[in-house]
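Only one structure is covered here, and it is reproduced in the block below.
The values are calculated or read from the model by the stated rules, or taken from the named source; none is laboratory data. Please read these numbers as outputs of a predicted model, since none were measured by experiment. Note: ideal-geometry Cβ built from the backbone for every residue, glycine included; neighbour counts use all protein chains shown. With ligands, DNA and RNA removed, areas are computed over all heavy atoms of the protein, side chains included. Shrake-Rupley method; radii C 1.70, N 1.55, O 1.52, S 1.80 Å.
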Amino acid sequence: MSQPAPPPSRRPRVALFVTCLVDLHRPTVGFAAIRLLEQAGCQVEVPRAQTCCGQPAYNAGDRATARDLAASILDAFSGYDYIVAPSGSCAGMISHHFSGLFDNDPQQRTRAEALQAKTFELIAFLTDVIKITTVPAVYQGTATYHDSCSGLRELGLKSQPRALLASVSGLALKEMVEPETCCGFGGTFCVKYPDISTRMVSDKTRDIAATGADTLLAGDLGCLLNMAGRLKREGSPIKVRHIAEVLAGMTNDTPPIGEARG
Amino acid sequence: MLATSPAFKQNVKGALADASLQKALAFTRPSFAGKRTAAVAALPEFEQLRDVGRDIKNHVLANLDFYLETWSANVEKSGGIVHWCSTADDARAAVLAICQKAGAKTVTKGKSMISEELAINDHLEKHGIEPVETDLGEYILQLRKEPPSHIIAPAFHLNREDWEESFRASHTDLPEDRVFGERRDILTEARKKLREKFLAADVGITGANFLIAETGSSVIVTNEGNGDLTQTLPRVHIVLASIEKVIPTLEDACTFLRLLARSATGQDMSVYTTFSTGARRPADLDGPEEYHVVLIDNGRTGMIGTEFQEMLRCIRCAACMNHCPVYFTVGGHSYGWVYPGPMGSVLTPALIGVDKAGHLPNASTFCGKCESVCPVKIPLPKLMRHWREREFERHLAPQGMRSNLAIWAWFAKRPQLYRMATGLAARLLSWLGRGKGRVASLPFAAGWTAGRDLPTPEGETFFARYARAQREGKL
Ligand code: SF4
């Protein structure tokens with residue numbers, strides 16, 4: 001006699017942390033994240049009071065501003081099962097740095113710790129928490145994937161994006177040499193030290209081009225804008241996209257980064 | 001050593017335009033990382049060793065007075081003399097006094113970064129004593145009057161042609177037809193010259209990778225054997241060591257030796273690992289008659305008890321710079337003082353002042369690679385961020401950046417207004433990039449557009465689009 005199936009558990013309530021760059025620059029990534037989360041059985045909400053995770057202030061040494069912004073995120077994102085961001089860098093900021101901002105405020109610190117335990121980068125959340133292994137997307141092309149630093153080294157994001165990309169029909173993945181080397185974006189670093197940053201991103205685009213891939217994917221919009229900007233400056237035809245756009249099958253919704261609808 | 005760290009940006013410009021430097025950097029770049037990866041993969045317990053190494057160092061730093069006193073007592077017991085020096089000046093004076101008392105004319109030197117911190121060569125020369133660097137890389141730098149650009153491979157920035165050129169310029173007895181086709185030819189030439197110096201030297205100066213409290217020993221780790229000749233042939237041996245080099249036991253030394261060479265060069269062990277304990281005893285076959293340790297603080301105790309204390313765990317393996325994409329872009333000299341790369345970006349502001357070295361902790365993307373390879377798990381990006389906090393508090397950060405940040409923060413704290421501002425910005429930028437999806441130049445983003453186009457936004461912000469979709473019942 002077979003066991004009765006367990007009652008379906010409630011759909012997890014996920015709050016989307018859109019990130020300021022996606023909000024300003026590429027809303028499609030946010031909608032792709034919503035589609036992927038809903039496909040995975042989540043109920044997605046987008047708290048309206050969110051702006052930025054505070055990383056620009058935090059990395060500029062302005063702890064007070066970073067703390068203020070973190071505090072408003074604690075308020076805006078309380079009461080959800082999970083907080084998910086389509087960015088390793090912003091998810092890492094919340095999950096690895098928020099509690100340290102409240103060293104002198106035990107109450108807020110406890111709240112931050114609770115929040116950080118529930119905060120995930122989109123791809124890691126889909127694979128490690130919801131445990132999806134495939135997506136129903138189609139993409140015709142050869143892609144190379146850049147491991148953005150925070151996702152890789154803070155959050156351990158390495159095999160997950162590759163596993164999901166492998167399930168996209170029509171897509172072939174071709175690794176570049178040193179996919180783990182920083183692209184030279186580094187937030188305000190790229191405008192504070194443009195000479196160094198430009199050289200770093202040129203090394204990166206050289207490695208990207210050497211793969212022969214027609215598409216470059218990554219999981220962080222900052223890095224993508226940097227690499228796309230350099231590729232376009234070099235006149236490269238390589239298409240640059242956030243990985244979520246491909247996984248959600250939304251590449252027809254918007255042209256590649258740095259290109260016009262043609 | 002005079003710091004050029006304040007001119008970091010100019011240094012970088014020069015370094016990027018220096019074809020020979022860029023060639024040397026590109027040539028060495030893949031090798032260090034590859035060798036370390038292989039060495040680490042061959043030792044399954046390497047990760048645990050990193051934790052052990054970190055914990056030993058933390059324990060020492062919490063009990064530094066005890067271990068230094070124990071070590072010092074054991075040095076004296078074995079016939080050595082410890083010179084406690086608070087400042088670089090004190091240390092220079094101590095070294096000079098020992099050399100003068102020994103009637104030294106020539107002093108041989110093993111590779112030592114702390115000796116660069118003291119600029120000891122200049123000081124000795126000024127007082128009529130000839131210092132001779134015996135590490136191959138340091139030797140060529142001495143001929144070229146250049147500082148090291150790397151903490152374990154000091155002549156990292158030179159190509160083989162540069163070596164040949166320096167030898168031809170300095171070794172005036174060189175026959176014109178001498179060929180320098182390979183590394184071996186360079187070695188042979190240096191060896192010939194250095195042998196004379198080794199035998200002539202009255203005093204030998206070395207650094208120390210570790211000081212062992214339980215035995216009073218100093219340890220040097222080298223690949224060339226020059227350190228051994230430096231410390232055993234002359235009548236007097238001076239060890240230069242900073243206070244954080246002390247570790248409790250021989251057992252601990254073994255832990256660090258297992259970490260050090262693998263992290264540094266990808267070797268299981270360096271070729272020579274030499275322990276020196278005191279002066280020569282009657283039954284010893286060799287060794288110096290006098291054994292001195294010049295123990296140097298030079299600003300380090302000021303780091304204890306602060307957020308920078310963790311930096312004092314550093315064992316100077318160079319893994320952080322060997323894996324640093326910024327280091328490989330700008331080279332070691334750009335950092336402008338003794339210590340380059342990520343470890344220098346944390347240590348230099350502590351030793352020469354963040355007002356002078358403020359660029360260094362800022363010139364990092366926080367990619368985190370350094371921290372991921374550091375054998376004693378120093379959170380280098382976090383410590384660089386702490387320097388940025390100090391700069392921000394002291395208003396040392398550039399005013400422009402500060403006010404931009406303030407304007408942005410003002411909006412970011414007010415979601416309603418923020419939505420309006422971003423909505424406007426997204427539309428404006430999108431309009432600028434109409435028909436192309438990017439702009440090639442933008443006055444207020446000159447730093448960005450100097451080397452790359454600026455991809456422009458889709459046009460409507462996420463929140464505007466989301467609200468519209470909700471209104472239209474599409475969500
Ligand atoms: S900071 Fe770490 S990786 Fe860098 S030299 Fe020191 S011990 Fe080695």
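Here are the numbers for this structure:
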| quantity | calculated |
| --- | --- |
| Placed amide H near residue B:210: partners under 5 Å, 5+ positions off or other chain | B:219 |
| Relative contact order, percent, chain A [alpha-carbon distance under 8 Å, six or more residues apart] | 18 |
| Centroid-to-centroid separation of the range B:117-137 and the range B:285-327 [C-alpha atoms, Å] | 20 |
| Per-residue mean of C-beta atoms belonging to partner chains within 10 Å, peptide A:248-256 | 1 |
| Cα-centre dipole for the range A:133-247 with unit charges at Cβ (Lys and Arg positive, Asp and Glu negative), debye to 20 | 200 |
| Packing-based ranking, highest mean first, of A:83-94, B:33-44, B:122-133 given that Cβ atoms within 10 Å are counted | A:83-94, B:122-133, B:33-44 |
| Per-residue HN-Hα couplings for the range A:78-84 [Karplus 6.51, -1.76, 1.60; θ = phi - 60°; Hz; x = Gly/Pro] | 7, x, 9, 6, 9, 10, 10 |
| Accessible surface of residue B:431 - all protein chains present, 1.4 Å probe, nearest 10 Å² | 140 |
| Test item: Cα-centred dipole of the range B:400-471, Lys/Arg +1 and Asp/Glu -1 on Cβ, debye | 200 |
| Kyte-Doolittle mean at least 1.6 and Cα axial length at least 27 Å: DSSP H helices in chain B | none |
| Share of carbon and sulfur in the accessible heavy-atom surface of the range A:135-262 [1.4 Å probe, %] | 53 |
| Euclidean distance of C-alpha centroids, the range A:41-91 and the range B:240-282, integer Å | 46 |
| Selection from A:52, B:379, B:365, by position along the positive dipole direction of the protein assembly as shown (Cβ) | A:52 |
| Heavy atoms of residue B:25 accessible to a 1.4 Å probe, total area in Å² rounded to 10 | 0 |
| Virtual spin-label span in nm between residue A:48 and residue B:86, 7 Å along Cα→Cβ | 6.3 |
| Normalised contact order of chain B, rounded percent, pairs of Cα under 8 Å and 6 or more residues apart | 20 |
| Largest-first ellipsoid semi-axes for chain B, taking √(5λ) over the Cα gyration tensor eigenvalues, angstrom | 48, 27, 21 |
| Order of exposure, largest accessible area first, which applies to B:475, A:217 with probe 1.4 Å | B:475, A:217 |
| Partner chain coverage, peptide B:141-150 - average Cβ within 10 angstrom | 0 |
| Simple spin-label estimate for residue B:130 and residue B:17 in nanometres, 7 Å along Cα-Cβ | 3.8 |
| Contact order relative to length of the range B:400-471, as percent, for alpha carbon pairs under 8 angstrom and 6 or more apart | 29 |
| For chain A, built as a Gaussian network whose Cα springs stay under 10 Å, the top-fluctuating residue of A:189, A:120, A:98 | A:189 |
| Convex hull projection area averaged over all views, the range B:278-422, Cα basis, nm² | 13.0 |
| Label-reachable residues, the range A:118-142, where backbone N falls under 11 Å from a point 7 Å from residue A:172's Cα toward its Cβ | A:141-142 |
| Among B:238, B:349, B:115 the positive-end extreme of the charge dipole of chain B (Cβ point charges) | B:349 |
| Accessible surface ranking that places the most exposed of B:13, B:105 first, with a 1.4 angstrom probe | B:105, B:13 |
| The protein assembly as shown - accessible surface per residue (Å², probe 1.4 Å) | 40 |
| Two-site FRET efficiency, residue B:430 against residue A:162, from Cβ-Cβ distance with R₀ of 25 Å, rounded to 0.05 | 0.15 |
| Pair residue A:11, residue B:304: separation of 7 Å Cα→Cβ label points (nm) | 6.0 |
| FRET efficiency, residue B:250 to residue B:176 (Cβ-Cβ, R0 41 Å, nearest 0.05) | 0.20 |
| Size of electric dipole in the protein assembly as shown: Cβ of Lys, Arg +1 and of Asp, Glu -1, about Cα centre, debye, nearest 20 | 2700 |
| Peptide A:18-30 - average C-beta neighbours from other chains (10 Å radius) | 6 |
| Antiparallel DSSP beta bridges within the protein assembly as shown, percent to nearest 5 | 20 |
| Nearest-10 value in Å² for the accessible area of residue B:249, using the 1.4 Å probe | 40 |
| Under 11 Å, Cβ to Cβ, from residue B:102 - net charge with Lys/Arg +1 and Asp/Glu -1 | 0 |
| Solvent-accessible area buried by pairing B with A, both sides, nearest 100 square angstrom, 1.4 angstrom probe | 5600 |
| Shape call, chain A: gyration tensor on alpha carbons, a/c limit 1.5 | oblate |
| Derived scalar couplings ³J(HN,Hα) [the range B:297-306; Karplus, 6.51 cos²θ - 1.76 cosθ + 1.60; whole Hz; x for Gly, Pro] | 8, 6, x, 6, 4, x, 8, 5, x, 9 |
| Heavy-atom accessible surface of the range B:86-238: percent carbon and sulfur, 1.4 Å | 49 |
| At least 30 Å² of accessible area lost relative to the chain alone, listed for the range B:401-418 with a 1.4 Å probe | B:401, B:405, B:408, B:412, B:413, B:415, B:418 |
| 5 angstrom amide H check on residue B:159, placed H, neighbours 5+ away | none |
| Amide hydrogen neighbours beyond the local backbone of residue A:173, cut-off 5 Å, H modeled | A:143 |
| Whole-Hz ³J(HN,Hα) from phi, Karplus 6.51 cos²θ - 1.76 cosθ + 1.60, for the range B:227-240, glycine and proline x | x, 5, 5, 5, 9, 10, 6, x, 6, 10, 10, 10, 9, 9 |
| FRET efficiency, residue B:269 to residue B:185 (Cβ-Cβ, R0 41 Å, nearest 0.05) | 0.90 |
